[in-house]
Amino acid sequence: MAHPLEQLRDDALREIESARDEQALETARVKYLGRSGTVSAWGEQMKTLAKEKKPVVGKLLNEVRNAVTAAIDIRAQQFRSQKETGALDKIDISLPGTPHELGALHPLTQMLERSIEIFRRMGFALADGPDVEDEWHCFDALNTPPEHPARNEQDTFYLPDGRLLRTHTSTVQIRTMQSAPPPIRVIAPGAAYRRDEVDATHSAQFHQIEGLYVDENVSVADLKGSLEFFMRELFGADTAVQFRPHYFPFTEPSLEVYVKSKALKKGEQWIEVAGSGIVHPAVFEAVNKARGDKAYDPEKWTGFAFGLGMDRLAMILFDIPDIRFFAQNDLRFLRQFA
Ligand code: DAH
């Protein structure tokens, strides 16, 4: 005949197995394992048993307690996973998810990054300056006197306090020289502003890469070599580069840079892409005056500078007919460069 403890175990397991919910299971747990539960009562009875019976009954009691505890754990786990499945069933997995669209760089940014990468290989470091400038950095220091037409308030945007939106990135030449002595080898990519009538080739905001190289014995040959290398890296080895005499107040001599390349959609046409020249001694003198030293002694140091029009370059390279497309945020346009 089964020991009463075995009977107890079978009853308990049956009851646990058939518990319909967590509450029924808890009732069963209290009934068997609780402080005054049946299994616990047997523990009390052990004390009154004859010595020789203790090991056998004790062992059996342990087995029963373990079996009941394990059964309760298993049943509780079943209830928990039933609950989880129930919650998951309420989720409609046929609903479309939130799509994650992969972005891409703006064509102008792509153009800037390609250009910067080429100049970096030539050893140019990145320099920076503010878009909101004062007249001194934008004009005076760049040998552009007050009566110069570029100062016309029709030419750029003036703030009530007299500051302005820089009309070119050449301001960064001055800021760089103010903060460090020669030699200097920097490029400064950034936005520039003009109050132009907006049309297919003019925008109130456009982008330039300024370049400045100051060292001993820098000549037009260095300027030409650097810009030719740049243009060929950008547009291909068969790119022809031409330098035409021009006038900028801050360079002497001044040169406009033209390119002709099969990579450019305009084919065999010369296209103006940059202004450049040998830094005017008056620019060095203005910097010296602001620095309060003679760090940029024009007798010792020479330099070349250039300003590349990035929007124009990107338009030619990607065959974009209208500069306004860059800022219209039209995904049909932008996706073509993704
Ligand atoms: N700042 C000129 C412009 O915006 C471009 C330029 C010409 C920059 C000659 C230079 C330079 O550094 O040397 O039209």
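The values are calculated or read from the model by the stated rules, or taken from the named source; none is laboratory data. Given the structure is predicted, the values throughout are model-derived calculations rather than measurements. Cβ sites come from the backbone with ideal geometry, for glycine too, and all protein chains shown count toward neighbours. For the accessible areas, the whole protein counts, side chains as well, though only heavy atoms, and no ligand, DNA or RNA atoms are used. Shrake-Rupley method; radii C 1.70, N 1.55, O 1.52, S 1.80 Å.
Computed from point charges on the beta carbon alone (+1 for Lys and Arg, -1 for Asp and Glu), the dipole magnitude for region 107-337 about its Cα centre is near 660 Debye. Solvent-accessible surface of the chain, averaged per residue with a 1.4 angstrom probe and all protein chains in place: 57 square angstrom. Give the carbon-plus-sulfur fraction of the accessible surface of the chain in %, rounded to a whole number; probe 1.4 Å, heavy atoms of protein chains only. It is 52 percent, rounded to a whole number.
Between Asp92 and Val220, full extension at 0.36 nm per residue minus the direct alpha carbon distance yields a gain of 39.0 nm. Remark: region 244-338 carries a charge dipole of roughly 340 debye about the Cα centre, counting +1 on each Lys and Arg Cβ and -1 on each Asp and Glu Cβ. Projecting the alpha carbon convex hull of region 1-86 along each direction and taking the average yields 5.9 nm².
Simple spin-label estimate for Phe337 and Ala191 gives 1.5 nm between the two label positions (7 Å along the Cα-to-Cβ direction from each Cα). Think of the chain as a dipole: +1 on every Lys or Arg Cβ, -1 on every Asp or Glu Cβ, centred on the Cα centre; then among Ala67, Met310, Ile187, Ala67 lies furthest on the positive end. Taking label points 7 Å from Cα along the Cα-to-Cβ direction, Asp155 and Arg324 give a separation of 2.6 nm.
Annotation note: trypsin sites (Lys or Arg not before Pro) in region 15-84 located in DSSP loop regions with a Cβ neighbour count of at most 14 within 10 Å are Arg20, Arg35, Lys47.
Considering only Ser40, Val257, Ile174, the residue lying farthest towards the positive end of the dipole of the chain is Ser40, judged by Cα position with unit charges set on Cβ.
Extending 7 Å from Cα along the Cβ direction at Lys262 and again at Ala240 yields two label points whose distance is 1.4 nm. Separation of region 218-254 from region 1-50 is 96 Å, based on Cα centroids.
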